[in-house]
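Written below as structure tokens is the structure these notes are about.
The values are calculated or read from the model by the stated rules, or taken from the named source; none is laboratory data. As the structure is a computational prediction, the values presented were derived from the model and not from experiment. Here the Cβ positions follow ideal geometry from the backbone for every residue, glycine too, while neighbour counts run over all protein chains shown. These accessible areas exclude ligands, DNA and RNA; they are computed on the full protein's heavy atoms, side chains included. Shrake-Rupley method; radii C 1.70, N 1.55, O 1.52, S 1.80 Å.
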Amino acid sequence: MPDAQRGLAEQLDAADPLAHLRERFVDLPDEVIYLDGNSLGRPPAATLDRLDLEVRSVWARELVGAWEHWLDLPTDVGDLLGTTLLGARPGETVVADTTSINLYKLAWAAVAARPGRGTVVTSADNFPTDHYVLQGICAHQGLQLVTVPAAAEGGPDLGALERAIGPDVALVSLSLVDYRLGALTDMRTVNAQAHASGALVLWDLSHAAGAVPLALAADGADLAVGCTYKYLNAGPGAPAFLWVRGDLHATLTQPIWGWFGQRDQFAMATEYEPEPGIRRFMVSSPPVVLLRAVEAGVELLGEAGMERLRAKSLALTGMLIDLADAWLRELGFEVVTPRPEARRGGHVALRHADARRIGRALIEKAAVIPDFRGPDILRLAPVPIATRFVDVYDALARLRDLVRNGEHLDVEVTGRVT
């Protein structure tokens, strides 16, 4: 008799309004189940054509003359991304540089905009690079970095955060979705806490953009950064984005003064005068070809619609949690991602003492590609635009059987952690 639970998964796939979009990605081998889109998204098929067109028909034929329409790509693609996925207004988003560089630029600008305040606040579960950037800024400017504890289920402890935000705080910098446990923080609440004391808030949206609906303008956000190679499917090395609320443009000065942020750029003046709008946060020549990859990824997500993507994501992660409870608890696994939908991002974290070895065995023996984060977290991300319900069912069944049979025990886990 067919497994009733797998039959339910098949029914959900048959009724899925997003099912046809799965065919818009470059094919995987039939047996492979990819659950690591929260680290690197799959390439849309349209991206290959768009990159080929940009090289063969634009760069190759127009040569340097193509800069006439390349110069505005960072803001054009930024507006597409911002209005489609971030809940931003036109003219507030630019695609440029890397997440770390953008975080540095905006954190530095925020601190400079609050003179006389000597404290920056972050959380213990913020992404390591975010910690490093903030540590560097504080060390160079003689500021204090306060790290509040994480909540047990991930994300900052909001009570501790509120107590930490006093009149000396210039900036609060947090990740909206915890990169390890997948916990989603209440953005509006944190913004209100910070603004009550006159502090600015800088959000890292790397695990949120394209995974959860965002409303930066409506939720009263100030600043945000994020990458495009995860849920936005723009590919390795794709440029990041930054967002600055429109009324802050004229009051913020970023620290890296380059010619793409200069007013009247081609006048080649020797004195720096920043652009009046979002372009003042640019620095140097944009990566044109990869901007086209960002554009293709955002357009595909926009076609799907964030509300539909979020609904399917919650259904997929809910099924994953239910199967983990039913099959994996007796094998030493613990679901550590928040169970309430309002607190859940786009991936599910499973804790296991031998998570690293199990993750490697899943890849080598079961054709399931997960993600490991030390010391004991296995992350599974059923990205809704490209993952079926039967993929979740089959992946958990393969994981259960692999550990139950002890197949992971003979796998080597030396070398670089991935």
Region 197-264 shape via C-alpha gyration tensor axes, a/c threshold 1.5: oblate
Hull shadow area, averaged, region 220-345 [alpha-carbon convex hull, nm²]: 11.3
Hull volume in cubic angstrom per residue (convex hull over the Cα atoms of region 286-361): 149
Rg to Rh quotient for the chain, alpha carbon positions, Kirkwood Rh: 0.99
log10 of Debye I(q)/I(0), alpha-carbon scatterers only, for region 172-218 at 0.15, 0.18, 0.26, 0.31 Å⁻¹: -0.37, -0.53, -1.01, -1.27
Solvent-accessible surface ranking, highest first, for L309, L48 at 1.4 angstrom: L48, L309
Nearest-20 debye value, region 272-418 charge dipole, Cβ charges on Lys, Arg, Asp, Glu: 180
The chain - percent of accessible surface contributed by carbon and sulfur, probe 1.4 Å: 54
Lys, Arg +1 and Asp, Glu -1 on Cβ, resulting dipole of region 346-418 about Cα centre, debye, nearest 20: 180
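What whole-number value in Å² describes the accessible area per residue of the chain for a 1.4 Å probe? Walk me through the numbers before you get to the answer.
On the way: 17280 Å² over 418 residues.
That works out to 41 Å² for each residue.
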Globularity ratio of region 109-262, using Cα Rg and 2.2 N^0.38 Å: 1.01
Nearest-10 value in Å² for the accessible area of E153, using the 1.4 Å probe: 80
Alpha-carbon centroids, region 380-411 and region 164-222: separation in whole Å: 33
Relative contact order [Cα under 8 Å, 6+ residues apart], the chain, whole percent: 22
Share antiparallel - DSSP beta bridges, the chain, percent rounded to 5: 50
Long-range amide H partners of F372 with built H, under 5 Å: R379
√(5λ) per eigenvalue of the Cα gyration tensor, region 1-106, largest first, Å: 37, 20, 14
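Taking square-rooted eigenvalues a ≥ b ≥ c of the alpha carbon gyration tensor, is region 163-244 rounded, prolate or oblate, where a/c under 1.5 means rounded and, failing that, a/b exceeding b/c means prolate? Walk me through the numbers before you get to the answer.
Working: a/c = 2.18, a/b = 1.96, b/c = 1.11.
Prolate, since a/c reaches 1.5 and a/b exceeds b/c.
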Cα-based radius of gyration of region 315-418 once divided by 2.2 N^0.38 Å, which approximates compact folds: 1.00
K365 accessible area, 1.4 Å probe, all protein chains in place, Å² to nearest 10: 100
Lys, Arg +1 and Asp, Glu -1 on Cβ, resulting dipole of the chain about Cα centre, debye, nearest 20: 600
Computed P(r) (all Cα pairs; region 42-160; 5 Å bins; percent): 2, 9, 12, 13, 15, 15, 12, 8, 7, 5, 2, 0
Heavy-atom accessible area ranking, 1.4 Å probe, most first, across T98, T270: T270, T98
Per-residue SASA entry for Y229, accessible area with 1.4 Å probe, Å² rounded to 10: 80
Qualifying lysines (Cα of each under 27 Å from Cα of K105; at least 8 residues distant if same chain): K230
Region 365-418 - Rg over Rh from alpha carbon coordinates, Kirkwood radius: 0.98
Options Q141, A19, A386, ranked by Cα towards positive dipole end of the chain, top entry (Cβ charges): Q141
